[in-house]
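Notes follow the structure.
The values are calculated or read from the model by the stated rules, or taken from the named source; none is laboratory data. Every value quoted in this text rests on a predicted model; they were computed, and no experiment measured them. In this analysis, Cβ positions are derived from the backbone assuming ideal geometry, glycine residues included, and neighbour counts consider all displayed protein chains. Keep in mind that these areas ignore ligands, DNA and RNA; they rest on the heavy atoms of the full protein, side chains included. Shrake-Rupley method; radii C 1.70, N 1.55, O 1.52, S 1.80 Å.
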Amino acid sequence: MTSNLEPRYDANEIIQLDPRKGERDYSILIINPNTSTHMTEALTPILASMKYQDVHFEYFTALDSPVEVEGVKIEPIASINNGEESCKSALNCWPVRELIGHYDAFLVACYSAHPFVGRLREDIAALEEAGSSRNKYVTGIFEASITASLSLVSGFALKDPIKPAEKLHKYQEKGSFGVVTTGAAWKEELTNGVQRALGYDTEDGSSGHFAGVETTGLTAVELHTTEPEEVRRRIIEATRNLLRNSESRVKVVCLGCAGMAGMEEAVREGCVQEYGQSEGQRVRIVDGVVAGAGTLVTALKAGF
């Protein structure tokens with residue numbers, strides 16, 4: 001297998017040079033499992049805006065040609081439009097597995113319960129068990145957005161009236177997060193994915209913190225080929241539907257596609273139209289790419 005990558009560091013440099021001592025930068029690989037270089041390029045300025053002085057980001061875009069896995073040719077996928085294609089696209093990322101030693105961390109930039117996250121975690125565990133690697137980390141933009149959202153909506157407070165001389169009681173604050181994403185096929189897929197990530201059974205369980213998923217009806221590619229005003233209109237309407245249909249106040253909206261990076265303004269407009277200017281401005285908007293990068297950098301620097 002081959003890839004379109006030229007890593008800054010070789011595997012020995014990653015092990016021998018310590019970024020905590022300033023001997024090199026932390027090296028994170030951003031993985032786009034589809035073949036859209038336009039989508040990959042759109043991520044670059046977003047991560048650059050985080051202004052990490054000691055973090056080097058590199059980017060992998062799935063090859064626009066078949067990848068052979070266990071003797072089977074896997075066709076490339078230009079746009080990942082459902083759960084089945086999410087699974088297939090993991091195989092298009094197989095060349096990355098040969099380069100694990102060249103990076104400290106990996107971010108899978110597909111907003112789905114993407115199985116390449118788990119595959120990389122298994123590969124990393126094997127390296128660590130062999131004693132041939134310093135700690136490495138992997139997450140997906142889907143998982144990172146859920147973690148970020150929970151930190152923004154979940155919390156406990158003391159019940160009124162507060163009487164220090166008596167027994168105190170607490171309650172969990174109300175508020176939820178939801179996802180605005182692309183095609184209709186993602187609604188059930190992402191709903192099930194969030195429920196599983198939160199540890200709930202998809203048949204019987206639910207979370208008071210999860211408001212659900214609303215879709216624009218556009219694919220990831222169509223987000224960039226449809227007239228901008230139509231894209232904006234659809235994002236606004238999907239956002240309004242999410243807020244309108246939630247049983248609790250939505251405090252966080254996740255951008256449910258890597259291709260939606262940079263489209264926060266339309267989500268904000270939907271929040272303002274539905275909740276009013278003051279309340280709509282207080283809704284947090286989570287970009288999974290930013291959340292994922294932040295999660296990985298924190299893990300690397302903390303040494304979890």
Exercise. Tell me, which strands (runs of 3 or more DSSP E) lie completely within segment 62-123 with 1 or more residues that are surrounded by fewer than 18 Cβ atoms within 10 Å (Cβ to Cβ) and without any contact (Cβ under 8 Å) to a residue 24 or more places away in the chain?
Worked result: 72-74
Exercise. Does segment 43-51 include one or more residues that are buried (at least 17 other Cβ atoms within 10 Å of the Cβ) and closer than 16 Å to Leu296 by Cβ?
Worked result: yes
Exercise. Restricting to strands (runs of 3 or more DSSP E) lying wholly in segment 193-297: which have 2 or more residues that are surrounded by fewer than 14 Cβ atoms within 10 Å (Cβ to Cβ)?
Worked result: none
Seminar exercise, completed: Of the residues in segment 124-139 that are over 23 Å from Val194 (Cβ atoms) and polar (S, T, N, Q), the one that is most open to solvent (accessible area, probe 1.4 Å) is Asn135
For this session: Identify the single condition in (1) of a type in the set (Gly, Ala, Ser); (2) open to solvent by 90 Å² or more (accessible area, probe 1.4 Å); (3) closer than 25 Å to Ala258 by Cβ that Ala165 does not satisfy, given that it satisfies every other one.
Result: (3)
Problem set entry | Hits in segment 243-260 (condition: in contact with a strand residue (DSSP E or B) (Cβ under 6 Å, 6 or more places away or on another chain) and closer than 30 Å to Ile31 by Cβ) | Val250, Val252, Val253, Cys254, Leu255, Gly256, Cys257
Exercise. Hey, Phe142 hits all of (1) part of a helix (DSSP H, G or I); (2) open to solvent by 40 Å² or more (accessible area, probe 1.4 Å); (3) more than 16 Å from Ala299 (Cβ to Cβ) but one; which does it fall short on?
Worked result: (2)
Exercise. What tally of residues in segment 161-189 results from selecting those that are touching a helix residue (DSSP H, G or I) at 6+ places or on another chain (Cβ under 8 Å) and assigned to a loop (DSSP other than H, G, I, E, B)?
Worked result: 4
Problem set entry | Scan of segment 244-269 for residues that are touching a residue at least 60 places away in the same chain (Cβ under 8 Å), under 19 Å from Ala184 (Cα atoms) and either more than 14 Å from the chain's Cα centre (by Cα) or outside the structural domain of Ala185 (by the TED database) (or both), ordered by number | Ser246, Val267
